[in-house]
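Below: one structure, written as structure tokens.
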Amino acid sequence: MAEEVEHTKESWPENVVVRVRGPFYDVWTAQGVIRCVVRGALKRERRREDLVVVGDRVEVRIVGPGEGVIEAVAPRRRALMRRARDREVAQVIVANLDQFVAVFAAAQPELSFGMLDRFLVVAESQELPTVICLNKVDLDPEGRARAALAPYRAIGYPVVETSVVTRIGLEELWRMLEGKLSALAGPSGVGKTSLVKAFRPELELRIGAVSEATGRGRHTTTASELIQLDERTFLVDTPGIGVLHLWAVLPEELGQYYREFRRYLGSCAYRDCRHLDEPGCAVRAAVEAGEIDAGRYERYRAIYQDLEEEAERQGRWEVERLRRERRTR
């Protein structure tokens, strides 16, 4: 059982949800952490998957010592979200972030560039500043994973290389986190909880190992939790993500979320160019000229195909409605 994280009053934003436990929501208030339930009318107004999440700013009515009712949820400034598995609804992972830290391992488990690119699409669609953290670099003595991230550095993503074992990069990561509310997200087994514990070693957090049979991490963090690192710095440790389905992203807008594509958008022969097989495509010409990384482009094609299949399944008008809803929540 993970230790209950203690929070101090200094600089902590009031009425913010710090953890979700089944039907209960722990909310930091001026009176300390209050365990709350959600008002019945609010449940009917909002979807269950999108009801109240870590990072939400809420209105709380105190009903007893250490107990309250969430009456309302403030509009979310930014949110890290995905499509819920097997259902056409949004699953918000954490709300109101200052930045997102995509954590991947140099080895054990192997770095998934497909998932990294999907994370970046989510972040770009939410205008969410992003840091790429390559953890476990002590397991990559030849630097292959580090070298493979060169295309991401080239297009402006900050990349920090860390190891909890050797403590390489922890000071640099701290400078990126300091004074912000950040979320660590990535596959299971990449060391997200170990990084949190590196900054708060007194916490009794469960840390798992990578399965030798599958090469995948085992889930140890079962729910997102907002942790205070110092008076101005807050970090959300999220459960490991095995599959990241994009939420309400139309196929034709996908290219906008690739930073390296943007300078070429509008220069194609066709206004509605998908940047796949159309003649006169400026993006494909840039790939052939080596100005856009070929691996990133091939993964773009795969994601585009997935989004087209999803749009056909849902119906385009429904996808457009969901996109508008996403931008107004």
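If the segment from ALA154 to ILE241 were pulled out straight at 0.36 nm per residue, it would be longer than the present Cα-Cα gap by 28.7 nm. Put a dot 7 Å past the Cα of ARG167, heading toward its Cβ, do the same for ARG301, and the two dots end up 4.7 nm apart.
Computed from the C-beta positions of GLU252 and SER112 and an R0 of 22 Å, the FRET efficiency is 0.30 to the nearest 0.05.
Working from label points 7 Å from Cα in the Cα-to-Cβ sense, the ASP98 to ARG200 distance is 1.6 nm. In this structure, the amide hydrogen of THR233, modeled 1.01 Å from its nitrogen in the peptide plane, lies closer than 5 angstrom to those of GLY179, counting only residues at least 5 positions away or on a different chain.
Using the Cβ-Cβ distance between GLU312 and ARG263 with R0 set to 25 Å, the FRET efficiency works out to roughly 0.25. Our estimate of slack between ALA41 and LYS180, defined as 0.36 nm per intervening residue step minus the Cα-Cα distance, is 46.7 nm.
The value of relative contact order for the range 16-73, using C-alpha pairs under 8 Å at least six residues apart, is 35 percent.
Among ASP237, ASP306, sorting on how many other beta-carbon atoms sit within 10 Å of each Cβ, with the fewest leading, yields ASP306, ASP237. From least to most packed, judged by other beta carbons within 10 angstrom and beginning with the fewest, HIS275, HIS245 follow the order HIS245, HIS275. Computed from the Cβ-Cβ distance with R0 of 56 Å, the FRET efficiency linking GLU231 to GLU278 stands at 0.55. Residues GLU310, GLU71, GLU127, arranged from fewest to most other Cβ atoms within 10 angstrom of their Cβ, appear as GLU127, GLU71, GLU310. You can think of it this way: the chain between TYR270 and GLU67 has 67.1 nm of extra reach, that is 0.36 nm per residue less the Cα-Cα gap.
Values quoted throughout were computed directly from the atomic coordinates according to the rules given, and no laboratory measurement underlies them. Treat the numbers as computed from the prediction; the structure is a model and nothing was measured. Glycine also receives a Cβ, built like all others from the backbone with ideal geometry; neighbour counts cover every protein chain displayed.
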